[in-house]
Amino acid sequence: MAQRRLKNTTILAKIGSVYGTDAIPTGAANAILVSDVSFAPLEASNVDRNFIRVYMGASENLVGTAFKSLSYSVELVGSGTAGIAPSWGPLLRACGFSETLTATTRVDYLPISTAFEWIDQYYFADGVLHKLLGCRGTASLDLSAGAIPKIKFQFKGVDGGLAAGTPTAVDYTTWKTPQVVTDANTIDLLMGCTHSPTGAPALAGGTATPYSKLMFDFGIDAPHIPLIGGESVEIMDRKITGDLEVDLTAAQDVTFMGNVKANTMGSMGLVHGTVTGNKTLLFAPNVQLTTPSYSDINGKLMNSYKLVLPPTGTGNNELRIVTSF
């Protein structure tokens, strides 16, 4: 009996240069340290032959257009060195974000609307190599209290085939250990703060607002496009939303409700981490609070909101992620 195990899974990912041509990720340079893995080796639009015969019974299905999908979570932590991109950088770039490195200072990620990059991925399932080429997708980010900060990615890729195979020289040393989101490790959420896109990353002003839940969904529409002679996964749209659960005074509760009713926009930001080189800053300049409700944490009354993050000005600035500082 075969002794294959789900734990014996390895994922490699590398930024591509020619769409549809395997970038050949390696275990030594492109290993992804993941959790919460889900993989679909064939997402096919099967076509029913739908026969009409003298007797009843099913008709066979033919495999039609198909692609592969892969999702997993990675820990949100810097590279360990200021100005050096983290190992999850290529994944975010394949979800429609640009990467800007400022030597010895910071690494910035911002959403883009053109010139989208992609990654080629290898998924090793205990002796079988599945190739996903031209991968693009979406992601969500969770910085809720008491949890390891994570980004969950969901990718689709062109079917690059499969074969027996095992990874070699897999190296995870570039992946650093994160800090759990706690009062000691995370600066208070600041409502109404500002942030400079240059210089040492920091937030200025704003009102410190204790929170328990903060999540962002990048809302990227990246369908598989089954063209003959031009099969691809393309990014078509983006709508960043979120969820927030905060501890408000009675006066703040009234003010926030007024902001909801008046469609008032405001900024939001926080810094997570205390270890130099591993910190992460999030800044959203234009946040709308919607769908207010009350929630309960061990008997404590909390205020919950849905978030909508429209762009401002020239766009492509709904959510700035700064890390490695």
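Taking H as built 1.01 Å from N, whose amide H comes closer than 5 Å to the amide H of K279, not counting residues under 5 places away?
G78, S324, F325
Given Cα positions, please report Rg to Rh for region 246-295, the hydrodynamic radius being the Kirkwood one.
Reported Rg/Rh (Cα atoms, Kirkwood Rh): 1.10.
5 Å is the cut-off here: which amide hydrogens, built 1.01 Å from N in the peptide plane, fall below it relative to T105, excluding neighbours closer than 5 in sequence?
Those lying under 5 Å, H to H, from T105 are G83.
Over all distinct alpha-carbon pairs, what is the Kirkwood Rh of region 27-114 in angstrom?
Result for region 27-114, one decimal place: 17.1 Å.
By a straight-distance test (C-alpha under 27 Å), which lysines pair with K213 as possible cross-link partners, with residues fewer than eight away in the same chain excluded?
In chain and number order, the partners are K150, K152, K176, K239, K261, K279, K300, K306.
Hey, any idea what % of the chain's accessible area is carbon plus sulfur with a 1.4 Å probe?
C and S fraction of accessible area: 56 percent.
Rounded to the nearest 500, what is the chain's calculated 222 nm mean residue ellipticity when only DSSP H runs of at least 4 contribute -39500 (n - 2.57) each, over all residues?
Counting only the DSSP helices, I get -1500 deg cm²/dmol.
Could you give the Stokes-Einstein D for the chain in µm² per second, using the C-alpha Kirkwood radius, 37 °C, 0.692 mPa s?
Translational D for this selection: 153 µm²/s.
Which one, A125, A28, G80, projects farthest toward the positive side of the charge dipole computed for region 14-167 from Cβ point charges (K/R +1, D/E -1)?
With unit charges placed on the Cβ atoms, the residue in question is A125.
Could you compute how much accessible surface D120 exposes when probed at 1.4 Å, giving the result in Å² to the nearest 10?
0
Around S293, what is the net charge, scoring Lys/Arg as +1 and Asp/Glu as -1 over all other residues with Cβ under 10 Å from its Cβ?
Net charge around S293: 0.
With a cut-off of at most 16 other beta carbons within 10 Å, and DSSP calling the residue loop, which trypsin sites (Lys or Arg not before Pro) in region 1-88 qualify? Please list them.
Of the trypsin sites (Lys or Arg not before Pro), the ones in loops of region 1-88 whose Cβ has at most 16 other Cβ atoms within 10 Å are R4, R5, K7, R49, R53.
How big is D for region 100-203, in µm² s⁻¹ as a whole number, if Stokes-Einstein is applied with the Kirkwood radius of its Cα pairs at 20 °C and 1.002 mPa s?
Translational diffusion coefficient: 121 µm²/s.
When the convex hull of the Cα atoms of region 158-211 is projected onto a plane and the area is averaged over all directions, what value comes out in nm²?
So the mean shadow area of the Cα hull is 8.6 nm².
Project the alpha carbons of region 45-177 onto their principal axes and report the range along each, largest first, in whole Å.
Taking max minus min along each principal axis of the Cα atoms, region 45-177 gives 75, 36, 35 Å.
What does the net charge come to around G219 if you take all other residues with beta carbon closer than 11 Å to its beta carbon, with K and R at +1 and D and E at -1?
Neighbourhood net charge equals -2.
Hey, if you put +1 on the Cβ of every Lys and Arg and -1 on every Asp and Glu Cβ in the chain, which of G192, G134, N286 ends up farthest toward the positive end of that dipole?
The listed residue farthest towards the positive side: G134.
Short version: ³J(HN,Hα) in whole Hz for each residue of region 278-283, in order, from phi by Karplus 6.51 cos²θ - 1.76 cosθ + 1.60 (θ = phi - 60°), x for Gly and Pro, what are they?
Per residue, the Karplus-derived 3J(HN,Hα) values read 10, 6, 9, 10, 10, 9 Hz.
With the dipole of the chain worked out from charges on the C-beta (+1 for Lys and Arg, -1 for Asp and Glu) around the Cα centre, which of P210, L110, V18 lies farthest toward the positive end?
Checked the options; the winner is V18.
Please compute the modelled spin-label separation between A251 and A164, points set 7 Å along Cα→Cβ, answer in nm with one decimal.
7.3
Size of region 80-125 along its principal axes in angstrom, Cα-based, largest extent first?
37, 29, 10
With a 1.4 Å probe and all protein chains left in place, how much accessible area per residue does region 1-89 have, in Å²?
59
Please work out the average accessible area per residue across region 201-307, using the 1.4 Å probe convention, and give it in Å².
47
Could you run the Karplus curve 6.51 cos²θ - 1.76 cosθ + 1.60 with θ = phi - 60° over region 245-257 and give me ³J(HN,Hα) per residue in whole Hz, x for Gly and Pro?
In residue order, the calculated couplings are 10, 10, 9, 10, 6, 4, 5, 5, 4, 5, 5, 5, 5 Hz.
Step through the residues of region 69-82 one at a time and calculate ³J(HN,Hα) from phi using the Karplus curve (6.51 cos²θ - 1.76 cosθ + 1.60, θ = phi - 60°), rounding each to whole Hz and writing x for Gly and Pro.
My calculation for region 69-82 gives 10, 8, 10, 6, 10, 10, 7, 8, 7, x, 6, x, 10, 4 Hz in order.
For the chain, what is the charge dipole size about the Cα centre, in debye to the nearest 20, if Lys and Arg each add +1 at the Cβ and Asp and Glu each add -1 at the Cβ?
That gives a dipole near 240 debye.
What aspartates and glutamates could a cross-link reach from K156, if we take a straight Cα to Cα line under 14 Å and drop same-chain neighbours fewer than 8 places away?
E43, E117, D120, D221, E231, E234
Pulled fully out, how much extra length does the chain show between Q3 and T104, if you take 0.36 nm times their separation in residues and subtract their Cα-Cα distance?
31.6 nm
Skipping prolines and chain starts, which residues have an amide H placed within reach, meaning under 5 Å, of the one on G16, given they are 5 or more residues away or on another chain?
W118, I119, D120
Can you give the translational diffusion coefficient of region 200-325 in µm²/s, computed by Stokes-Einstein from the Kirkwood radius over Cα pairs at 4 °C and 1.567 mPa s?
This corresponds to a translational diffusion coefficient of 77 µm²/s.
The values are calculated or read from the model by the stated rules, or taken from the named source; none is laboratory data. Quick caveat: nothing in here was measured; it's all calculated off a predicted structure. Note: ideal-geometry Cβ built from the backbone for every residue, glycine included; neighbour counts use all protein chains shown. What goes into the accessible areas is simple: the full protein's heavy atoms, side chains included, and nothing from ligands, DNA or RNA. Shrake-Rupley method; radii C 1.70, N 1.55, O 1.52, S 1.80 Å.
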